Amino acid sequence: MKNRLMKNLLAATLLLTGSHLVNAADDPIKIGSFLTVTGPASFLGDPELKTLQMVIEDLNAKGGLLGRKVELVHYDTGGNAKEAVNFVKRLIKSDNVDIIVGGTTTGDTMAVIPDVEKEGITLISLAGAVDIVEPVKKWVFKVAHTDRMAAAKIYQDLRKQNLTKVALITGDGGFDKSGREQLRTLAPEYGMTIVVDESYGNKDTDMTTQLTKIRATDAQAIINFGFGQAPAIVTKNIKQLGIQLPVYQSHGVASKTFIDLAGEAGEGVRLPAAALVVAEQLPDTDPQKPVLLAYKKDYEAKHGPVSTFGGHGYDGVMIAIEAIKRAGSVDKAKVRDEVENTKGFIGTAGIFNMTPQDHMGLTLDAFKMVEIRNGGWKIVD
Amino acid sequence: MPEQIFQFLVTGITVGALYALVGLGFALIYNASDVVNFAQGEFVMLGAMTAIALVAAGWPLALAAIVATALTVVVGLLLERFAIEPAWGASVVATIIITIGAAIFLRGVALLLWGKDFHALPPFSGDTPLHLGSATLLPQSLWVLGGAAALVTLVHLFLNRTLIGKALLACSFNRAAAQLVGINVNVMLRLAYGLSAGLGAIAGILIAPITFSSYEAGIMLGLKGFSAAIVGGIGNPMGAVAGGLLLGVLEALGAGLISSGYKDAIAFMFVLMVLFFEPTGLFGHKVAERV
């Protein structure tokens, strides 16, 4: 008798849980996303999307969020800001998503801000420029390092070595120009003098002309802000001309590709990089280490070498998930408040402490100054 | 300052030789069919990327270079057979549009094969810079300069001293007349595509250690090579080389003496000026004289 009762109870419980699961599947939590998976910025958006899919798949396998399944609604903007605006309208009005993670590029993100603010839905951008969160916008947050942080980190390192006269050489892309702007703005604050400011086209094949001009000045260090193959050519040309000055690159080239392309000439080049690049070298006491290694392992098992950009995807979607968890619902205002309340969240880019005044929440510590030694990265600070 | 100018000149000639090598490929197909082949840059990219892939797979450099060139020639022939030949009788503009389509297609294939990353080929004879007085250049630049000189001589001899070369020129001058005297125009066209694919591939392999390569490297190289070819007078291989060197030196001097921001503007202004005042290019009329 007792046995049968137990069985009935068990069956009832199973049924209840079962029906609960069915409910959850009917009504998933929707995370919207618009990324640049194709087009020129695809090397950013591609790992971001893969990361989002991976994290959400994993979350669902572990039972979802607030007992409900999570669904990713994604659109590819191809780097077209107009498309981004259309997709975000669609995400808000017809897909009824609960939160938006995305905007691979600054252009895409800036374009959608008016709609996001008007509709009142939280947007966590994965793009770089500081303009996204400065001035602070109520519903907009970002997780990627800014070029201002990279510039500040480079100047900090120069100051440590008592070097104050710098030569700038930057490309003609948006990332390069914005970096150059930050380097110029921050120079007085760090007591730096820019003695020469040269530029090149990002598809140029030779920069010895610009570097010859730099060689003729009294610069004590060369800063090259850019990404793609051009910084590798600059580095090679510096070696070719026999210039002995310390060379600084930006976080834009913090990848194995740069080391491979620059070869011998890359030895000794310094740059600010996200901790993800040097995860294995971090001391075991570093709270970021387990997070980084876990993400790296998961990602590499599925897709090949990690990039910091995929890491931004991880940070963005995890902050969203944690905020929904704390809010206990998908109420838009509550979720926004909880994102703003993110404290001590350990991500791949650093430890996030958001405030009503700071919608990024990273400090300069999030960047590690690394040097290329023996064809690998070495932390130098 | 004179020391600097010497370095600018050395840089200009190196970069110019690179443009010249790419420009050379445009001349052949133009000679055979009056068509500017916008997939020429993609031949350069294919040669470089195939060689890089083979070297990465452990092949010796020389063998990889030969096989990469041969494979690119095959691609050139296939392109001619399956994209250009079926459009026989189409206008020059239509054929040019076909080559643009082919370029996009080849880029797409390269993207699928090799991804979006840049790749480098190891330099042929080391990385130690050579000193020329106060200026320096890489040993690879000598390979590019030498390669450009050798190829342009060969192309020149081929077009002017061999029967096949002369037949090729005849096709460009008057296709119907060429056919009437017994020249197989189709075979000539295939020959032109195969040869310029080969030329492009060799150029790509020679410059890959300096410029690196990626699936879309052909766009910029094609554009600069095309500029070199029209400055020199398209259809004249010697003109392409002169045009390339001129462009390279102008760019370097412009960047060095005026401003690096205006480097491309100066070069393209020059191209426009040439087209305004000498629409057939600086050495353009020689083609007509020769035929």
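The values are calculated or read from the model by the stated rules, or taken from the named source; none is laboratory data. This one's a predicted model, so the numbers in the text were calculated from it and none came from an experiment. We place every Cβ from the backbone using ideal geometry, glycine too, and count neighbours over all the protein chains shown.
Within region A:173-219, the set of residues being part of a helix (DSSP H, G or I), within 14 Å of chain B (Cβ to nearest Cβ) and charged (D, E, K, R) comprises A:ASP176, A:LYS177, A:ARG180, A:LYS213, A:ARG215.
In region B:17-38, what residues are at the interface with chain A (Cβ under 10 Å from one of its Cβ atoms) and either within 14 Å of B:GLY239 (Cβ to Cβ) or of a type in the set (Phe, Trp, Tyr) (or both)? Steps first, answer last, please.
We begin by selecting, within region B:17-38, every residue at the interface with chain A (Cβ under 10 Å from one of its Cβ atoms); these are B:18-19.
Within region B:17-38, just B:TYR19 meets the criteria.
Among the conditions (1) buried (at least 24 other Cβ atoms within 10 Å of the Cβ); (2) touching a Leu at 6+ places or on another chain (Cβ under 7 Å), B:ILE29 misses just one, which is (2). The residue list B:ASN31, B:ASN37 contains one member that is within 30 Å of B:VAL271 (Cα to Cα), among the polar types (S, T, N, Q) and not in a helix (DSSP H, G or I), which is B:ASN37.
Would you mind stating whether A:ALA323 is in contact (Cβ under 8 Å) with a residue 24 or more places away in the chain, within 22 Å of A:ILE351 (Cα to Cα) and either away from chain B (no Cβ under 14 Å) or not aromatic (Phe, Trp, Tyr) (or both)?
On the way: in contact (Cβ under 8 Å) with a residue 24 or more places away in the chain: yes; within 22 Å of A:ILE351 (Cα to Cα): yes; either away from chain B (no Cβ under 14 Å) or not aromatic (Phe, Trp, Tyr) (or both): yes.
For A:ALA323, the condition - in contact (Cβ under 8 Å) with a residue 24 or more places away in the chain, within 22 Å of A:ILE351 (Cα to Cα) and either away from chain B (no Cβ under 14 Å) or not aromatic (Phe, Trp, Tyr) (or both) - is met.
For region B:227-244, a residue qualifies if it is of a type outside the set (Val, Ile, Thr), surrounded by 24 or more Cβ atoms within 10 Å (Cβ to Cβ) and in a helix (DSSP H, G or I), and the qualifying residues are B:ALA228, B:ALA229, B:GLY232, B:PRO237, B:GLY239, B:ALA240, B:GLY243, B:GLY244.
Among the residues making up region A:339-380, those that are within 26 Å of A:LYS236 (Cβ to Cβ) and in a loop (DSSP other than H, G, I, E, B) are A:ASN374, A:GLY375, A:VAL380.
Of the helices (runs of 4 or more DSSP H) lying entirely inside region B:124-185, those carrying at least 1 residues that are of a type in the set (S, T, N, Q), within 14 Å of chain A (Cβ to nearest Cβ) and under 24 Å from the mean Cα position of the chain (by Cα) are B:139-161. Please verify whether region A:39-48 includes one or more residues that are crowded, with 20+ Cβ neighbours inside 10 Å and outside any helix (DSSP H, G or I). Yes.
The condition (being part of a helix (DSSP H, G or I), crowded, with 22+ Cβ neighbours inside 10 Å and not aromatic (Phe, Trp, Tyr)) is satisfied by just one residue among A:ILE113, A:ILE154: A:ILE154. Of the residues making up region A:157-172, none is outside the structural domain of A:TYR248 (by TED's automatic domain parsing), at pLDDT below 95, surrounded by 24 or more Cβ atoms within 10 Å (Cβ to Cβ) and part of a loop (DSSP other than H, G, I, E, B).
Take the conditions (1) within 14 Å of another protein chain (Cβ to nearest Cβ); (2) in contact with a strand residue (DSSP E or B) (Cβ under 8 Å, 6 or more places away or on another chain); A:VAL278 misses just one of them, which is (1).
Which of the residues that make up region A:265-288 are out of contact with any helix residue (DSSP H, G or I) (no Cβ under 7 Å at 6 or more places or on another chain), touching a residue at least 24 places away in the same chain (Cβ under 8 Å) and not small (Gly, Ala, Ser)? Step through it out loud before you land on a result.
As a first pass, look at region A:265-288 and keep what is out of contact with any helix residue (DSSP H, G or I) (no Cβ under 7 Å at 6 or more places or on another chain): A:267-268, A:278, A:280-281, A:283-287.
Within this subset, residues satisfying the condition of being touching a residue at least 24 places away in the same chain (Cβ under 8 Å) are A:267-268, A:278, A:281, A:287.
Once the filter is applied, which keeps residues that are out of contact with any helix residue (DSSP H, G or I) (no Cβ under 7 Å at 6 or more places or on another chain), touching a residue at least 24 places away in the same chain (Cβ under 8 Å) and not small (Gly, Ala, Ser), region A:265-288 yields A:GLU267, A:VAL278, A:GLN281, A:PRO287.
What number of residues in region A:320-338 are surrounded by fewer than 24 Cβ atoms within 10 Å (Cβ to Cβ), of a type in the set (A, V, I, L, M) and out of contact with any Lys or Arg (no Cβ under 8 Å at 6 or more places or on another chain)? Can you show your working first?
Of region A:320-338, the ones surrounded by fewer than 24 Cβ atoms within 10 Å (Cβ to Cβ) are A:321-322, A:325-338.
Now restrict to residues that are of a type in the set (A, V, I, L, M): A:321, A:327, A:330, A:333, A:335.
Among the residues that remain, those that are also out of contact with any Lys or Arg (no Cβ under 8 Å at 6 or more places or on another chain) are: A:321, A:330, A:333, A:335.
Total satisfying the criteria: 4.
Restricting B:LEU151, B:LEU145, B:LEU132 to those that are in contact (Cβ under 8 Å) with a residue 12 or more places away in the chain, buried (at least 21 other Cβ atoms within 10 Å of the Cβ) and under 26 Å from A:ASP206 (Cα atoms) reduces the list to B:LEU151.
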